[in-house]
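Comments concern the structure below.
The values are calculated or read from the model by the stated rules, or taken from the named source; none is laboratory data. Here the structure is a predicted model, which is why all the values come from computation and not from measurement. Glycine also receives a Cβ, built like all others from the backbone with ideal geometry; neighbour counts cover every protein chain displayed. To get the accessible areas, we keep the full protein, side chains included, count just its heavy atoms, and leave off ligands, DNA and RNA. Shrake-Rupley method; radii C 1.70, N 1.55, O 1.52, S 1.80 Å.
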Amino acid sequence: MSQSPPPTSPYAPPQTALYDERIEHADKIGRTERLQVDIGEAIGYPFQSPQWWQVCLMLGLFSLVPFVGVFHGFGYARRIFEAVNRGETQLPPLETDGLVDDIKDGFWVFLAWFFNLLPVLIPTYVLMFGGIVLIDTELETVGFVLFSIGILFSMVSGLLLNVIVPEAFRRLYQGERNIIFNPGPSIRAARSAPGPLLLTILGGFCAGAIGSMGVFACYFGMLFTFPLAAMINAHFVAQWSQVVRTTAKQAEDESGPPRPNPPPMR
């Protein structure tokens, strides 16, 4: 397997050799460069495959398996991310041969996402649990204040998570693990294309609305709508990845070739 070259732009996060190899010939398959996020394209993406409803049903049923179903969902979403980055316009095949690989890949994505969430989860639960404990003591007022701060912190952090999810999963799907303590690439990517990032975030809310529609079918419909929302979200993240890659390439082209080093002083 060939080694990936080092990033040539400050906008480009480090990528694994496997990821580079999977998108190496993307320009020969379909559209892999873009400057804007297309909400309609992402929402219509699952329906480009003739067997989309079968894939949704299988993913929905598999999600009922504790833990393993969640890992498989993350792994299949990563496959969608990679397929869209290769320029493919249809859902990746859902085959039993790749089941273990999907579960394994999804486990590492889930684990990385969980550990990146710990700086948010720990203060929230410490404040809320500490407040509940103190409410039943003489420090009832202090307990109520701590509990209220915990609730407020969870609401604010929840809103912020909705904002950072597309960028976080762009990097997680590319094989990165440490995101929250290495925010530089994400900040530079957001500054390079704020408009497409906002559209990606808006698209995530649209996908969430689609996923919740299954409630109206006595909750059984969520076996279809939740996988559908996950597919749409993965497509949005892939589009955002293409925007980041395109803007990085443009920035590199505009900067021109690197200047030669001056001769050493004698």
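Pairs are defined by a Cβ separation below 8 Å, a sequence spacing of at least 6 or placement on different chains, a first member in the stretch 86-103 that is without any contact (Cβ under 8 Å) to a residue 60 or more places away in the chain and on the phi < 0 side of the Ramachandran plot, and a second member that is surrounded by 14 or more Cβ atoms within 10 Å (Cβ to Cβ) and in a loop (DSSP other than H, G, I, E, B); the pairs so defined are 88/29; 89/45; 90/49.
Applying the set (1) surrounded by fewer than 19 Cβ atoms within 10 Å (Cβ to Cβ); (2) touching a Leu at 6+ places or on another chain (Cβ under 6 Å); (3) modelled with pLDDT under 90; (4) not β-branched (Val, Ile, Thr) to residue 58 leaves exactly one unmet item: (3).
Residue 202 meets the stated requirement of being open to solvent by 60 Å² or more (accessible area, probe 1.4 Å), of a type in the set (A, V, I, L, M, F, W, C) and either in contact with a helix residue (DSSP H, G or I) (Cβ under 8 Å, 6 or more places away or on another chain) or modelled with pLDDT of 90 or more (or both).
The lone criterion from (1) open to solvent by less than 60 Å² (accessible area, probe 1.4 Å); (2) at pLDDT below 90 left unmet by residue 193 is number (2).
Of the numbered criteria (1) loosely packed, with under 14 Cβ neighbours inside 10 Å; (2) under 27 Å from residue 37 (Cα atoms), the one residue 97 fails is (2).
Restricted to the stretch 93-139, and to residues that are of a type in the set (D, E, K, R) and not in a helix (DSSP H, G or I), which residue is nearest to residue 174 (Cα to Cα)? Among residues in the stretch 93-139 that are of a type in the set (D, E, K, R) and not in a helix (DSSP H, G or I), the one nearest to residue 174 (Cα to Cα) is 95. Screening residue 252 on (1) free of Cβ contacts under 8 Å to residues at least 40 places away in the same chain; (2) farther than 12 Å from residue 166 by Cα shows it passes everything except condition (1).
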